[in-house]
Amino acid sequence: MEDTILEVRHFVKLHYDINVKVVKKVTSYIDENYILTTDTEKTYLLKVITVKDNDDIRTQKAIADVMIRLGSAGFNLPVRLAANNGSTSILCPFGKSKLSFLVLQTFLQGSLLDDIICGEKDMVNLIFECGQKLAAIARHFKVVNTEASKDIQKVIIHLILQGEVLSHLSRPKSEWNLLQVDLYRHYVAELNDQIREHCQNAIHTFATMVVPKLSSFQSGFIHADGNACNFIVSPKEIGWKITGVIDFGDSCTSYYIVDVATLLTYMMQKAQSSNLDIHEVAKHAYQGYINVLPLNQDEIAVLDLVVAARLAQSISIGSHMIKLEPEKSHLIGQSIKPCSEILTKLSSISRKQIRELWAIS
């Protein structure tokens, strides 16, 4: 670890001319993150993102472009610092000679939603706001406000540039792409009997009843990682409010229903771990999202099936990751356990009951 700290300090000094006083590693699933405190008491986050091929490089560049566009539009999210060469990311070996994208960005002030303690009423209201925030991000890339510009040529150029950026975010080879069923379905065989059956059923139902209907679903840019650690919370006069969104590492072009289902999956996981009502939490997350970006009737009809598949995906991939990296078993296990409990609960009641509990109509 000491070698890594020295490498982080050297990198930041070399490329940004910033002196780092304190380095704190943040535990994460895949990428490496370091909270840095400088000699002037400023705080930054250094993200070290492993890249495997040119597709990964293009994806990371597209994410950077998306974040700049969102920041310019007034969304409160981390800002990437320009290095001495003017670039907002550096591609170089890091650690054990792994080719990585290194990004230094501002550290949003506030608390993580996952860290605050409040009553269930306040929490579900915050989760409603989380839904609104994610939907607003997706909606931003959905349409161009042509009324704001009388120059149709500028609008066309904007659409072309936006399309070029988003084309690099489809992530067809990612096992975390819910639509790529064959990339994660085989992990189900590694699970124990009861949860294996629930996961098999959820994934099979998704593949046979949801995937064939994709042509009728809305699609575009989505954050795709709406978990309680990716929302910044700040105090207001009474209670709390969501003030920022972080970690765009999983952002992609996909279907809005996937964004909603991922949000519901993570927020129910938060509820299960905090002894909150998972259905009340799911209802508020869903209502918050559609308050800004409504789903169509075809999407509404299968939302519960997409959530079940997303839970099965988390359980299957997470269990497999523990076998590959047993040193992360505690971290990953904190996600697998509540997801397994939630999928078991959902499997024990009818789809009609779920839709009523979540107020899906």
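The values are calculated or read from the model by the stated rules, or taken from the named source; none is laboratory data. Note that this is a predicted model, so its numbers are computed, not measured. Don't worry about glycine lacking a Cβ; one is built from the backbone with ideal geometry, like all the others, and counts go over all protein chains shown. Each accessible area value is taken on the protein alone, full model and side chains, heavy atoms only, with ligands, DNA and RNA left out. Shrake-Rupley method; radii C 1.70, N 1.55, O 1.52, S 1.80 Å.
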Between Cys118 and Arg139, what is the label-point separation in nm under the 7 Å Cα-to-beta-carbon projection?
2.1 nm
Among Pro172, Ala189, Ile322, the residue whose Cα sits farthest towards the positive end of the charge dipole of the range 111-358 (+1 at Cβ of Lys and Arg, -1 at Cβ of Asp and Glu, taken about the Cα centre) is Pro172
Can you give the net charge of the other residues whose Cβ lies under 13 Å from the Cβ of Asn19, counting K and R as +1 and D and E as -1?
+1
Past 32 Å, Cα to Cα: identify those pairs from Lys213/Lys270; Lys24/Lys133; Lys52/Lys283; Lys24/Lys61; Lys142/Lys213, in the order given.
Lys52/Lys283
Take each uninterrupted DSSP H stretch in the chain, measure its Cα extent along the helix axis, and return the ones at 20 Å or beyond whose mean Kyte-Doolittle hydropathy is at least -1.0.
2-16, 54-72, 120-140, 152-166, 256-273, 278-292, 297-324, 329-347
Sequence of Glu129, Glu299, Glu41 when ordered by accessible area, the most exposed leading, probe 1.4 angstrom:
Glu41, Glu129, Glu299
Multiply the residue separation of Phe107 and Asn296 by 0.36 nm, subtract the distance between their alpha-carbon atoms, and state the gained length in nm to one decimal.
64.4 nm
With every protein chain present, what accessible area does Tyr255 have (1.4 Å probe, heavy atoms only), rounded to the nearest 10 Å²?
50 Å²
Can you show me the helix-derived [θ] at 222 nm for the chain, built from DSSP H runs with n ≥ 4 at -39,500 (n - 2.57) apiece and divided by the number of residues, rounded to the nearest 500.
-16000 deg cm²/dmol
Lysines with Cα under 22 Å of Lys21, excluding same-chain neighbours fewer than 8 positions away:
Lys13, Lys42, Lys47
Just subtract the alpha-carbon distance of Gln334 and Val22 from 0.36 nm times their residue separation and send over the number in nm, one decimal.
109.5 nm
Between the range 201-229 and the range 1-79, what is the C-alpha centre distance in whole Å?
30 Å
Quick calc, the range 1-106, dipole around Cα centre from Cβ unit charges on Lys, Arg (+) and Asp, Glu (-), nearest 20 debye, gives 120 debye
Largest-first principal axis extents of the Cα set of the chain (Å):
59, 57, 47
Which whole-number percentage describes the relative contact order of the chain, with Cα contacts under 8 Å and a sequence gap of 6 or more?
17 percent
Volume per residue of the C-alpha convex hull in the range 318-361, rounded to whole Å³:
79 Å³
Counting only the heavy atoms of the protein chains, how much of Glu120 is accessible to a 1.4 Å probe, in Å² to the nearest 10?
70 Å²
Fully extended contour minus Cα-Cα distance, from Arg355 to Ser216, at 0.36 nm per residue
48.0 nm
Can you give the Rg to Rh ratio for the range 1-106, taking only C-alpha atoms and Rh from Kirkwood?
0.95
